[in-house]
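A.B. asks: So that we are looking at the same thing, I have put the structure below in structure tokens.
The values are calculated or read from the model by the stated rules, or taken from the named source; none is laboratory data. Remember, predicted model here, so these are calculated numbers, not experimental data. Accessible surface is based on the protein model in full, side chains and every heavy atom, while ligands, DNA and RNA are left aside. Shrake-Rupley method; radii C 1.70, N 1.55, O 1.52, S 1.80 Å.
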Amino acid sequence: MIKNKLIGAVALCAFLTTSAIAENDLSAKDFSLIGIEGSYASVSSDIDTATTYQSDRKNLTGIGLKVGAQSYNYRIFLTANYYNDPDGDFEYITTYGAQLDYLLNISQRVNIYLGVNAGYANMKYTVPSEGFKRTISDPYYGGDAGLNIHVSKLIDFELGARMILLDAVNTKNNVTYTFNNMVTGYASIIFKYQMD
């Protein structure tokens, strides 16, 4: 089911990008983008054993890199993020994907963006009561929204929030961990380069 939703999200991204290019004269408004992101995230999971069921939530800090392009009303990024667990239960959490945003240009200095994202999440973690590690590598999809401030003609500062839906399951020794979603608040510096 999640694969069908992932395919749908990718098809929507392709459709919106094609529509944006067809409807606008972008010759003087295109930019290449490179962004550096710092984030604070929360990942939720369910733990199901033969006798108990409980939910858990872990807080994480993260850093990311995104590379993309922007027209007047749209932008697209390829993204890579690494998250750190201060408690040390996760050896690593990484996400790799794509993000398509629609830009609402409310003034010359600020725009609001709404978007969709999709990609893959990888995690390796240890449960303190278990003597082995668990891993997942599963697709995700979700949405994002935020505020983009034009600090200068070639530098933007953005504040945003991202939700990714996972449904990633790992079962060992009759204990099932299901990672449901990750909610992230982030700040980014985006460097813009005029495209020829």
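A.B. asks: Mean separation of Cα pairs under 8 Å and 6+ residues apart, divided by the residue count of segment 112-196: what relative contact order is that in percent?
C.D. replies: Answer for segment 112-196 is 25 percent.
A.B. asks: Before I look further, what does segment 85-148 give for accessible area per residue, probe 1.4 Å, in whole square angstrom?
C.D. replies: For segment 85-148, the solvent-accessible area averages 45 Å² per residue.
A.B. asks: Can you list residues from other chains, or at least 5 along the same chain, whose modelled amide H is less than 5 Å from the amide H of Ala69?
C.D. replies: Leu33, Ile76
A.B. asks: Further question: Heavy atoms only, 1.4 Å probe, whole protein assembly: order Met163, Met123 by accessible area, highest first.
C.D. replies: Met163, Met123
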